[in-house]
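This report concerns only the one structure given below.
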Amino acid sequence: MRSVGAAALPSLAALSAAGKPIVMLTAYDYPSGRVAEEAGVDVVLVGDSAAMTVLGYDTTRAISVDELLVLTRAVRRAVTTIPLVGDLPFGSYEESDERAVSTARRFVDEAGCDAVKLEGAGPMASRVRAIVSAGIPVIGHVGLLPQSVLSADGYRARGRDTEQALAIIAEAEDLVRAGCAALVVEAVPSEIGELISARVDVPVIGIGAGSATSGQVLVYHDLLGLGEGHVPRFVRRYADGRATLVDAVRRWAADVRSGAFPSKDEGYGMPADALAAVRKSLAKTVNRDS
Ligand code: KIV
């Protein structure tokens, strides 16, 4: 299936054409953006997962455009050599093409994004068309759509029966026809990830969609073990970041309480004669006051 958006993110299209897996990671602030770029990922997404990973909301639906723009600008300051994708938050694009274009423009104009991502198909294909016509590349998102999940048990895989699988494949094709430059496919059977990848000519970036997609995306906090609570089965943790951080802060607190921190070397000194002059001056002040 040919997409008008196929060349809109050229570095990703080139990787995909060369059969090289695309590595996409989320980031939410300057340090995580720096880590992602220094580690050599191919593209960074400032996901609306920020709602849960860094802002402490219990759903991605809670984050506002203004909140996500602050985070996206911080990541853009860090990520200077690879594409940056902004995620259109829940409620910021669904109601009309005009609304979708104006929100997408904010992510480009105010945060320097190279592309935006939005969730869903059906009427969203029209939003994609409108944003692409405004000159902004769009990444679609099918399968599990976190913005449509209303309770914790809604984070289940999608497309595990024939009807739902066919619907997701049709949605993916529809979004590509509408002009998406790439697709994120979340939490579907590996076979469905493979079928979608074979049927569209844009990069398909999977998260819990098997190994046959053009690339993979993970949430920064999941990969580094920085979060709390349920971890989806498609996450592979490469660090136990939260335990490492808690341990470090605990040891520092213990050192403060025992007097072991700070040491002499962890403070500043001054020349003895300068200090003597300070003491002398203070002594005069004390004498005057008494
Ligand atoms: O918001 C996000 O982090 C995402 C990824 C899971 C793809 O949409």
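Determine which member of the set Gly267, Gly227, Gly206 is in contact with a Ser or Thr (Cβ under 7 Å, 6 or more places away or on another chain) and either farther than 28 Å from Gly19 by Cβ or outside the structural domain of Val132 (by TED's automatic domain parsing) (or both). Steps first, answer last, please.
Details: Gly267 fails: in contact with a Ser or Thr (Cβ under 7 Å, 6 or more places away or on another chain); Gly206 fails: either farther than 28 Å from Gly19 by Cβ or outside the structural domain of Val132 (by TED's automatic domain parsing) (or both).
The unique qualifying residue is Gly227.
Can you pull out every residue in the range 189-208 that is part of a helix (DSSP H, G or I) and not small (Gly, Ala, Ser)? Talk me through it step by step, then tell me what you get.
Restricting attention to the range 189-208, the residues satisfying the condition of being part of a helix (DSSP H, G or I) are 190-199.
Scanning the range 189-208 gives Glu191, Ile192, Glu194, Leu195, Ile196, Arg199.
Only one residue in Asp42, Asp48 is touching an Asp or Glu at 6+ places or on another chain (Cβ under 6 Å) and within 15 Å of the ligand (Cβ to nearest atom), so which one is that? Before you say what the answer is, go through the steps one by one.
On the way: Asp42 fails: touching an Asp or Glu at 6+ places or on another chain (Cβ under 6 Å).
Checking each option against the conditions leaves just Asp48.
Glu171 is checked against (1) surrounded by fewer than 20 Cβ atoms within 10 Å (Cβ to Cβ); (2) touching a residue at least 12 places away in the same chain (Cβ under 8 Å); (3) part of a helix (DSSP H, G or I) and fails just one. What number does that condition carry?
Of the numbered conditions (1) surrounded by fewer than 20 Cβ atoms within 10 Å (Cβ to Cβ); (2) touching a residue at least 12 places away in the same chain (Cβ under 8 Å); (3) part of a helix (DSSP H, G or I), the odd one out for Glu171 is (1).
Inside the range 222-256, can you point out the residues that are aliphatic (A, V, I, L, M) and outside any loop (DSSP other than H, G, I, E, B)?
Of all residues in the range 222-256, those aliphatic (A, V, I, L, M) come to 223-224, 226, 231, 235, 239, 243, 245-246, 248-249, 253-254, 256.
Of everything in the range 222-256, those that are aliphatic (A, V, I, L, M) and outside any loop (DSSP other than H, G, I, E, B) turn out to be Leu223, Ala243, Leu245, Val246, Ala248, Val249, Ala253, Ala254, Val256.
Which pairs turn up if I take residues in the range 139-166 that are outside any loop (DSSP other than H, G, I, E, B) and look for partners that are of a type in the set (Lys, Arg) and surrounded by fewer than 18 Cβ atoms within 10 Å (Cβ to Cβ) with beta carbon separation below 6 Å, at least 6 apart in sequence or on another chain?
Correct list of pairs: Gln147/Arg61.
When only residues in the range 95-122 that are closer than 19 Å to Val149 by Cβ and away from the ligand (no atom under 13 Å from the Cβ) count, which is surrounded by the fewest Cβ atoms within 10 Å (Cβ to Cβ)?
Let us first name the residues in the range 95-122 that are closer than 19 Å to Val149 by Cβ, namely 117-122.
Checking the rest, the ones that are also away from the ligand (no atom under 13 Å from the Cβ) come to 121-122.
Values: Ala121: 22, Gly122: 10.
Residue satisfying both the conditions and the ranking: Gly122.
I'd like the residue in the range 220-269 that is aromatic (Phe, Trp, Tyr) and within 30 Å of Ala187 (Cβ to Cβ) and, out of all such residues, is surrounded by the most Cβ atoms within 10 Å (Cβ to Cβ). First the steps, then the outcome.
Looking only at the range 220-269, we keep the residues that are aromatic (Phe, Trp, Tyr), and these are 220, 234, 238, 252, 261, 268.
Narrowing further to those that are within 30 Å of Ala187 (Cβ to Cβ): 220, 234, 238.
Working: Tyr220: 25, Phe234: 17, Tyr238: 11.
By that ranking, first place goes to Tyr220.
Residue under question is Val176, and the condition is that it be within 15 Å of the ligand (Cβ to nearest atom) and either closer than 30 Å to Ala152 by Cβ or crowded, with 22+ Cβ neighbours inside 10 Å (or both); does it hold?
On the way: within 15 Å of the ligand (Cβ to nearest atom): no; either closer than 30 Å to Ala152 by Cβ or crowded, with 22+ Cβ neighbours inside 10 Å (or both): yes.
Criteria not met by Val176.
Filtering the range 59-94 down to residues that are small (Gly, Ala, Ser) and crowded, with 19+ Cβ neighbours inside 10 Å, which residue is nearest to the ligand (Cβ to nearest atom)?
Looking at the filtered set, the residue picked out is Gly86.
Is at least one residue of the range 209-221 within 16 Å of the ligand (Cβ to nearest atom), farther than 28 Å from Ser133 by Cα and part of a helix (DSSP H, G or I)? I'd like the intermediate steps shown before the answer.
Within the range 209-221, the first condition is being within 16 Å of the ligand (Cβ to nearest atom), and the residues that meet it are 209-210, 213-221.
The next check asks that each one be farther than 28 Å from Ser133 by Cα; those that pass are 209-210, 218-221.
The next check asks that each one be part of a helix (DSSP H, G or I); those that pass are 220-221.
Yes, there is a match, as at least one residue in the range 209-221 is within 16 Å of the ligand (Cβ to nearest atom), farther than 28 Å from Ser133 by Cα and part of a helix (DSSP H, G or I).
The values are calculated or read from the model by the stated rules, or taken from the named source; none is laboratory data. Computed from a predicted structure; not experimentally measured. With ideal geometry, Cβ positions are generated from the backbone for all residues, glycine too; neighbour counts draw on all protein chains shown.
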